[in-house]
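The values are calculated or read from the model by the stated rules, or taken from the named source; none is laboratory data. Predicted model, so just to flag it, every value in this text is computed and none were measured. Please note: Cβ atoms are built from the backbone with ideal geometry, for glycine as well, and neighbour counts cover all protein chains shown. Just so you know, the surface numbers come from the protein's heavy atoms only, side chains and all, with ligands and any DNA or RNA stripped out. Shrake-Rupley method; radii C 1.70, N 1.55, O 1.52, S 1.80 Å.
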Amino acid sequence: MAKKYVYQFSEGNGSMRELLGGKGANLAEMTNLGMPVPQGFTVTTEACTQYYNDGRAIRAEIQAEILEHLTKLEEITGKQFGQPANPLLVSVRSGARASMPGMMDTILNLGLNDTVVEGLAAFTSNPRFAYDSYRRFIQMFSDVVMELSKKRFEEIIDAKKAEKGVKLDTELDTDDLKDLVVRFKKFYRDEKGEDFPQDPHVQLMEAVKAVFRSWDNPRANVYRRMNEIPYDWGTAVNVQSMVFGNSGDSSGTGVAFTRNPATGEKALFGEYLINAQGEDVVAGVRTPSPISKLHEEMPAVYDQFAAIANKLEQHYKDMQDMEFTIENGKLYMLQTRNGKRTAAAALKVAVDLVDEGMISEKEAVLRVEPKQLDSLLHPQFDAEALKKAAVIGKGLAASPGAACGQVVFTAEDAKQWHDAGKKVVLVRLETSPEDIEGMQVAQGILTVRGGMTSHAAVVARGMGTCCVSGCGEIVVDYADKKFTLSGRDYHEGDWISIDGSTGSIYGEAIPTVPADVASGDFGRFMGWADQYRQLQVYTNADTPRDAAQGRAFGAQGIGLCRTEHMFFEGERIKAMREMIVADNTTDRKKALDKILPYQQGDFEGIYEAMEGCPVVIRFLDPPLHEFLPTKEEDIREIAAELGITVEKLHNVIDGLHEFNPMMGHRGCRLSVSYPEIAEMQTTAVINAAICAQKKHPEWKMVPEIMIPLVGEVKELKFVKDMVAATADRLIAASGLEMRYEVGTMIEIPRAALTADEIAREAEFFSFGTNDLTQMTFGFSRDDAGKFLGYYYDNKIYESDPFAHLDQKGVGKLVDMAVKLGKTTRPDIHLGICGEHGGDPTSVEFFHKTGLHYVSCSPYRVPIARLAAAQAAIKFPR
Ligand code: PEP
Ligand code: MG
């Protein structure tokens, strides 16, 4: 049987997301539940893939199938497409598997032409409405399908209003709108060299194509990359018969959630506009009324809607985000989906649904996106400073958190300023999907227009970025790059602060303090997560402070303590430089003796902070030139400080110069050249551990020493023998019984390929996926950013391999090394400490590979804990 590419809503169901997209599957499900859904059909995601495979064309048999379903839709609705008598108009909307709010295209009122509009006018006895719909359609179709500038149409409308001496669109009468239609069509003909398409079938096919095309638009690509949505999924297209929220004062349209998406509070939450079409609410151009008002305005409709909302939530067992339209007093459901929510709301909803008996604890653990927890871990305003700060305005508390930054007015400026190391608050009249990149880098977003479900609010919540929307008192002047609020001007670069939890705006910088994560829903929820996970979660920490922060977030150990970071401060860097410029072992040892007490003190502090939990300390890794100056004036100053000639320091620097320092004299190669460095570090680690053990006899200290950048078992053995000689001597002298371990990082492909040999010497492996990625791809982690953009644009890579593990290539090496390592040493302890240790999809991979722990920066520890729990639930091992 030929493949089926089109489904009537009545033919699908909620489990068909992959094929019908989220919107299509849910429309089908609501249809099956007997809810008032304007009928229609879904062109599948496979048709989208086929469209791209066919060189961006819809093949004939799929077109025929679409038309067959259109005929069925005519039968179902009793209306006719392209016929004036009782015309069928449709909306054409995107709908991917994962919701991508506002990223792709939508066309409403499709099916109108010069004769159908007359029919619609007669049929509804409302010519003004008919012509308003027609002019909207021409505008939308021209913009979305034909890529004519939206702005030019707005200018034509503005010119008309000026001629009439009126301000609002609603002040234009039927004749004005008819005239606008004439002007629009003329503009279209002038621009395109042909008439606006009058054949509704042509309109339909072009619109479907445009939606498919929008899957590949720049903002959708950025959104997908941010949310790890694969490009090859494609989008479905939903063709749905139109109902009209703009057909008078007993009509309207709105968006509502079954619970508050900012706080999670259980109460219907949303907003609507009377006499408007759906896009008006989402675009945030008019500020809508709260849904509670509908209770007063149309009590029967409200009750029906509330009942449906409740039924949908019970059915999906999750908070729903619904779009509805009221046409002449009759309610229609246009969409439902699991609602996007803040992290705080996600936790509250998950915990409440368990308490309400709707879902199990295990299901609850799967309900919160790990990445989202991030926003709960970040700073809030300092309470004392906040008391002194004056509120200069208030908007809607659209996405919680505190933000403080310098004002910028465009997404491009936000990006540029951010790249220059500045913190910005993006101030806009309203945001649109094109602003996504600027929104992503801003500390916070402040908009003049738009409600809680406007684009800015929805997207900011999804990103966990603080947002205050709909502050109507702000007067923005884009031309002069300033805004006015409470009688004061704020220019580009001025500092402001906004509170996305209260909606308050402050005309000054307010310091922030770390968030409290131990209390309430967070603690309870993470407790459930911890019951399920099989991976342990460690943290990467180089200081007692980071270690304590990691512990506070639930880290069970330190998986990577980078010792070099300790060498940069104050007196230490001087001793380090003395060591580097030393031209004999005696001088080098003298310098190292100065470093030893610092280093040992640091380790003691870290052991204290970790309260006896495992701590993996890595030996010196970077090339030595990183510790030396580069500027001439610094070279002079430092030479004087070190008591050597400028010439000598120059010679040392020149001698250390390497063409590829990241592939040069670093890692264990330093210990091979200068064994005294490894000896000093071993002394510091072992002495600190002895000290901790004596102070806390109840702890069982097992110091772990990690040798970086090993590619050959013999080099590991060489360093390990030195470590052992020193460690054994110190432990024997201490009178303690103390075990220690020496392991290695697996971060060079050759180490992975020969992991069976390496495991002869290594008591543990920790995958250094930063270097392993760099060396496997053969591009530098510091420079790849310069060209990776082209790789995304050309769909060569879908995401940054330094952020999300390349499972196919680098992952294969990890998997291979795990297996090889175990053949030699079945109980070898296995972890990962590259940046991927805090990335949820990578954590899932490491779980499947059978590692024992992941290690990540302190702020990502809760994210890794939850990701590990979800992986364990989805893929038990
Ligand atoms: C790594 O390479 O993954 C690693 C953790 O080490 P570093 O980032 O310090 O090179
Ligand atoms: Mg490394």
Go from 0 up to the bin containing the longest alpha carbon distance in segment 497-580, width 10 Å each, and give me the % of pairs per bin. 13, 26, 26, 23, 11, 1
How would ASP175, ASP216 rank on accessible area, largest to smallest, probe 1.4 Å? ASP175, ASP216
Which net charge results for the neighbourhood of LYS482, defined as the other residues with beta-carbon distances under 11 angstrom from its beta-carbon, given Lys and Arg at +1 and Asp and Glu at -1? -3
Name the aspartates and glutamates eligible as straight-distance cross-link partners of LYS311: C-alpha to C-alpha under 20 Å, and not fewer than 8 places from it in the same chain. GLU29, GLU265, GLU271, ASP303, ASP321, GLU323, ASP352, ASP355, GLU356, GLU363
Treating only Lys and Arg (+1) and Asp and Glu (-1) as charged, each at its beta carbon, one finds that segment 796-877 has a dipole about its Cα centre, in Debye to the nearest 20, of 380
ASP593 accessible area, assembled protein chains, probe 1.4 Å, Å²: 100
So how strong a dipole does segment 1-112 carry about its Cα centre when Lys and Arg Cβ are +1 and Asp and Glu Cβ are -1, to the nearest 20 debye? 200
With θ set to phi - 60° and the Karplus curve 6.51 cos²θ - 1.76 cosθ + 1.60, what are the ³J(HN,Hα) couplings of segment 109-115 in order, to the nearest whole Hz, using x for Gly and Pro? 6, 6, x, 7, 8, 4, 8
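From the cross-link list LYS151/LYS786; LYS4/LYS72; LYS23/LYS209; LYS160/LYS481; LYS23/LYS266; LYS150/LYS481, which pairs have alpha carbons spaced over 26 Å apart?
LYS151/LYS786; LYS160/LYS481
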How high is the relative contact order of segment 550-645, given as a whole-number percent (alpha carbon pairs under 8 Å, six or more residues apart)? 41
Expressed as a whole percentage, what fraction of the accessible surface of the chain belongs to carbon and sulfur atoms when a 1.4 Å probe is rolled over the protein heavy atoms? 50
By the gyration tensor of its Cα atoms, with a ≥ b ≥ c the square roots of the eigenvalues, what is the shape of segment 175-271: rounded for a/c under 1.5, prolate for a/b over b/c, or oblate? oblate
Equivalent ellipsoid dimensions for segment 660-701 as semi-axes, Å, which come from the Cα gyration tensor, largest first: 32, 11, 5
Of all the stretches in the chain, which is the longest one without any exposed loop site, taking chymotrypsin sites (Phe, Trp or Tyr not before Pro) in a DSSP loop (any state but H, G, I, E, B) with at most 13 other Cβ atoms within 10 Å? 1-477
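Considering only lysines 8 or more places apart in sequence, or on different chains, count the pairs in segment 355-479 whose C-alpha atoms sit under 24 Å apart.
Count of close lysine pairs: 8.
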Under 21 Å Cα-Cα from LYS79, which lysines qualify once same-chain neighbours fewer than 8 residues away are excluded? LYS330
Shape call for segment 125-185 from the C-alpha gyration tensor, a ≥ b ≥ c root eigenvalues: rounded (a/c under 1.5), prolate (a/b greater than b/c) or oblate? oblate
Of the options ILE76, GLY34, ALA47, report the single residue whose Cα projects farthest towards the positive end of the charge dipole of segment 1-77 (beta-carbon charges: Lys, Arg +1; Asp, Glu -1). ALA47
Pull up the DSSP beta bridges for the chain and report the antiparallel fraction as a percent, rounded to 5. 60
Heavy-atom surface of the chain, accessible at 1.4 Å and reported per residue (Å²): 40
Aspartates and glutamates whose Cα lies under 16 Å from that of LYS694, excluding same-chain neighbours fewer than 8 positions away: GLU604, GLU608, GLU611, GLU737
What pairs in LYS348/LYS808; LYS317/LYS848; LYS161/LYS186 have C-alpha atoms more than 25 Å from each other? LYS348/LYS808; LYS317/LYS848
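Within 10 Å, at most 15 other Cβ atoms, and a DSSP state outside H, G, I, E, B define an exposed site. Report the longest part of the chain free of exposed GluC sites (Glu not before Pro). Could the numbers behind the result be given before it?
Details: sites that count: GLU147, GLU194, GLU228, GLU265, GLU356, GLU473, GLU508, GLU569, GLU611, GLU658, GLU698, GLU712, GLU737.
Segment 1-146 is the longest.
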So if I restrict to the alpha-carbon atoms in the chain, what is the Rg, and what is Dmax, the biggest pairwise distance, in Å? 31.7, 102
Divide by every residue of the chain the summed helix terms, -39500 (n - 2.57) for each DSSP H run of at least 4, and state the resulting mean residue ellipticity at 222 nm, rounded to the nearest 500 deg cm²/dmol. -14500 deg cm²/dmol
Can you pull the percent of Cα pairs in segment 482-533 with separation above 15 Å? 66
To the nearest 10 square angstrom, how much accessible area does ARG56 have with a 1.4 angstrom probe? 110
Accessible area of ILE66, 1.4 Å probe, to the nearest 10 Å²? 0
Could you tell me which trypsin sites (Lys or Arg not before Pro) in segment 714-744 are loop residues by DSSP with no more than 14 other beta carbons within 10 angstrom of their beta carbon? ARG739
Which FRET efficiency value, to the nearest 0.05, do you get for GLU18 and GLU473 by plugging their Cβ-Cβ distance into 1/(1 + (r/R0)^6) with R0 = 45 Å? 0.45
Placing +1 on each Lys and Arg Cβ and -1 on each Asp and Glu Cβ in segment 120-254, then taking the dipole about the Cα centre, the residue among ALA236, VAL166, PHE123 whose Cα reaches farthest towards the positive end is ALA236
